[in-house]
Structures are given as C-alpha cells and as structure tokens.
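K.L.:
Sharing a structure, written as structure tokens. Questions coming.
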Amino acid sequence: MAARKVTEPKKPATKKTPNKKSATQAQVAQPKTAPAIRKATEPLKIGLFVGREWSWPPAFLEEVNRRDEGVIAEYMKVGGSRMNEAVNYRVIVDRISHEVPYYRSFLKNAALQGVKVVNDPFMWTSDDKFFGASVVDRLGVVSPKTVVLPNKDYVPGIVPTESLRNLTYPIDWDGLVEYVGGFPLVLKDAHGGGWKEVYICHSMEELWHHYNHCGLLTMIIQEFIKWDNYARCMCLGQEEIHVMKYDPSQRKYHAEHDFSPALYDRLVKDSLTIVDAFGYDMNTAEFAIRDGIPYAIDFMNPAPDMDVNSLGKVHFDWMVAHMADMTIKLAKSKKATRDRYYWGKLAKETEK
Ligand SMILES: Nc1ncnc2c1ncn2[C@@H]1O[C@H](COP(=O)(O)OP(=O)(O)O)[C@@H](O)[C@H]1O
Ligand SMILES: [Mg+2]
C-alpha cells in the first residue's frame with residue numbers, strides 16, 4: 001500500500017484581534033497602576049529611622065541639611081501603613097528595623113514603591129552567618145571553616161518523633177568539630193549581632209554546655225582564628241571602603257592603622273566583594289588577620305556602630321561626612337532597592 005502522504009492542515013494565521021476576554025478576565029489581567037512615588041518636586045528627601053543612638057543621627061541630619069544640595073534629611077514618622085502607599089522619600093536610612101519589625105514591613109513596601117532603602121530590608125531579613133560564610137568562600141574571600149548546627153530546642157507543638165524526621169541523630173560532634181579545626185572553636189548565633197551568644201569553647205563539654213543553653217537559636221561553630229591584627233572596614237555605597245584597625249577586646253577603633261599596603265589593598269578588595277554580593281550600602285566588614293591573611297569574621301552588619309565613643313572623633317567625622325555624601329548621591333540618582341529583584345522589575349513596569 002502506497003504510503004499516504006499526510007499533509008498538515010495549514011493553521012490559520014493567528015490574527016491579532018482585540019482582546020475578547022470577558023470583562024472579569026480583563027480585570028484580572030490588568031496590572032494595577034502604582035501610585036506615583038513622588039512628584040518631581042524639590043527638595044529630594046532622605047528619611048531616617050533610628051533607635052537609641054544619640055551621636056550620629058543629629059550630626060548626619062545637620063550635615064546633609066547644611067550642604068544646600070537640594071536634598072533634605074529628617075527623621076521619619078510612620079504609624080500604620082496602607083498597602084502600596086506612596087512614600088515621599090527618595091532614600092531611607094534604616095538603623096533600627098532589626099528591633100522594630102513594623103519598620104521592616106514598612107520599608108519593604110517603600111522599596112516596592114521605588115525608594116532606595118539603606119540597607120536593603122530583603123537582604124537584611126535573610127542574612128545569616130552560615131549563608132554569609134558560604135557566599136564569601138565561593139567568591140574568594142577567606143572564611144574560617146563554618147558549620148551550622150541543628151537547633152537545640154523547638155517551639156511548642158513540635159513532636160520530635162513526628163516533626164523532626166528529616167534530622168539525623170545523634171549529631172556527629174567529633175566530625176563537625178574536626179572540620180572546623182578542633183578546639184578552641186567559636187560557637188555563635190547565626191543571626192546574632194552585638195556579641196550576644198558568642199562563646200569560645202575549649203572542650204566538647206564546654207561546647208555542649210553552651211549549645212544546651214541556646215534554646216531556639218540557630219547556632220554555628222566556627223574555626224577560631226588566633227589573630228595577630230584585626231581590621232574593621234566601613235563600606236559605604238558599595239564603593240567606598242574606610243579601613244580601620246580595631247581592637248575587639250576593647251571594642252574600640254584605633255585612629256591609625258599599621259597594615260602593609262598589600263594587606264590594605266586586600267582588605268579593600270575583599271570588602272568590595274562582600275558588599276557587592278550582599279547589596280549593603282552601609283556595612284562594616286570585620287577581618288581577623290593571621291599571618292597576613294584576612295579572615296572574614298563578621299561582615300553583615302547592616303546597622304553598624306556609628307557611636308562617637310567607640311569610633312573616636314576621626315572616624316566619626318568621616319562617617320558623618322561620607323554618609324551625607326553617599327545618601328545625597330543616591331537621592332539624586334535613579335537607584336532603587338527593587339532593582340535587584342524580579343518583583344521590583346514587574347512593579348516598575350506598571351509605572352510606565
Ligand atoms: N572565628 C573567629 N575567630 C576568632 N575570633 C572570633 C571568631 N568569631 C568571632 N570572634 C570574636 O568574637 C567577636 C564577636 O563575634 P561576631 O561574629 O562579630 O559576632 P557579632 O555579630 O555578635 O558581633 C568578634 O569581634 C571576634 O573578636
Ligand atoms: Mg561583630
């Protein structure tokens with residue numbers, strides 16, 4: 001039998017007809033037009049959220065306002081926020097949303113409206129010391145070896161035999177401790193800050209003792225770096241790095257540093273890598289230096305210490321002047337926190 005030649009019926013050319021969807025469908029598909037973020041009125045505004053700190057905020061506001069650049073800075077006031085409400089600020093500097101969660105929600109909405117939020121509330125929400133160590137390690141910054149541990153305790157309602165079936169038990173303590181180089185090691189809160197829940201452990205007994213008291217926290221153990229020098233770098237706008245010598249035992253900065261030019265360059269380069277990766281515009285990156293190699297210890301500090309008493313006058317003045325430079329520059333730019341996110345691109349489309 002001769003093979004039958006099967007010819008595909010020609011598809012009718014798809015005609016671009018006007019949308020014949022039902023009214024309801026059309027309503028669903030129609031993107032909501034976002035409110036205008038701000039009219040092109042001057043002056044541009046920088047808003048400030050602060051906690052108890054007293055020295056830096058007024059100095060910063062005064063510095064911005066006295067420059068007469070068409071940009072003004074002021075404390076913000078909020079109290080109950082409507083969805084998609086317009087935010088009449090070009091830049092917001094956030095120093096406290098880690099302790100006032102309502103501010104964090106407000107700032108996420110502000111980011112959606114096109115505001116440049118310093119620091120990015122989305123990154124801040126998701127940063128932790130274990131993820132951070134893995135990221136920087138990938139990017140060529142030297143990190144102490146780090147392990148994240150299963151939690152010690154759980155919220156009520158967790159039934160270990162049913163709720164924790166994905167956990168292996170017991171924990172391979174010997175193997176994990178060996179990975180970080182044995183004792184001493186550092187046990188610390190993966191989400192911590194301000195030296196809370198940081199323990200140097202010299203034995204398994206000490207490690208277990210502190211771990212057993214860590215409750216609901218997610219803890220990491222980390223290789224202890226016996227440093228011979230220590231640096232803290234203030235990183236502004238993902239481009240400016242102010243390298244400082246720091247004394248962790250006193251929690252004080254030195255006015256001068258004694259780093260070799262090669263080490264200095266390395267600290268700048270590593271700090272830039274870090275802020276580029278995490279998108280922080282106001283951050284300190286802390287490095288323990290051993291045999292000339294900087295180990296990134298604590299590099300996600302989105303509300304870095306700016307107190308005149310710990311910084312000293314020289315660094316404090318630098319911080320005030322350069323925070324003013326950066327925020328004025330950002331206010332005049334088109335930069336927006338949402339530019340880093342897919343939802344941000346979609347939101348921007350609705351404003352065209
Ligand atoms: N891996 C480490 N090796 C040596 N010292 C460390 C290490 N991790 C932390 N430290 C010391 O503990 C201090 C507090 O730890 P850090 O990670 O900065 O916690 P926090 O975020 O609470 O400031 C550091 O400034 C450093 O002096
Ligand atoms: Mg620290």
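The numbers here are math on the coordinates, done by the rules we state, and not lab data. Every value quoted in this text rests on a predicted model; they were computed, and no experiment measured them. A quick note on method: Cβ atoms are made from the backbone with ideal geometry, for glycine too, and the neighbour counts reach across all protein chains shown.
K.L.:
Relative contact order, percent, of the chain when contacts are C-alpha pairs under 8 Å separated by at least 6 residues?
P.N.:
Once divided by the residue count of the chain, the mean separation gives 20 percent.
K.L.:
Quick one: pull the percentage of alpha-carbon pairs in the chain with a separation above 25 Å.
P.N.:
62
K.L.:
Sorting Asp174, Asp317 on the 10 Å Cβ count, fewest up front, what's the list?
P.N.:
Going from least to most buried by this count: Asp174, Asp317.
K.L.:
Just to be sure I understand: of the beta bridges DSSP finds with both ends in the chain, what percent are antiparallel, rounded to 5?
P.N.:
75
K.L.:
Related question: Label Leu167 and Lys352 with points 7 Å out from Cα along Cα→Cβ: what is the distance between them in nm?
P.N.:
According to this spin-label approximation, the distance is 4.9 nm.
K.L.:
Please give the charge dipole size of the chain, origin at the Cα centre, charges +1 on K and R Cβ atoms and -1 on D and E Cβ atoms. Round to the nearest 20 debye.
P.N.:
So the dipole magnitude of the chain works out to roughly 3080 debye.
K.L.:
Compute the distance from the alpha-carbon center of segment 225-262 to that of segment 88-103, in whole Å.
P.N.:
Comparing the Cα centres of segment 225-262 and segment 88-103, I get a distance of 27 Å.
K.L.:
Next up: Which value, in nm² and rounded to one decimal, describes the direction-averaged projected area of the C-alpha convex hull of segment 204-326?
P.N.:
Dividing the Cα hull surface by four gives the mean projection, 9.0 nm².
K.L.:
Something else now. Could you please tell me the mean projected area of the C-alpha convex hull for segment 84-179, averaged over all directions and given in square nanometres to one decimal?
P.N.:
Averaging across all directions leaves 10.0 nm² for the Cα convex hull.
K.L.:
Still on this structure, I have one more. Simple spin-label model, 7 Å along Cα-to-Cβ: Asp247 to Val100 in nm?
P.N.:
3.4
K.L.:
Is the shape of segment 145-223 best called rounded, prolate or oblate, per the rule: a/c under 1.5 gives rounded, else a/b larger than b/c gives prolate, else oblate, with a ≥ b ≥ c the square roots of the Cα gyration tensor eigenvalues?
P.N.:
Oblate, since a/c reaches 1.5 and b/c is not below a/b.
K.L.:
Would you mind ranking Cys235, Cys214 so that the residue whose beta carbon has the fewest other beta carbons within 10 Å leads the list?
P.N.:
The order, fewest Cβ neighbours first, is Cys214, Cys235.
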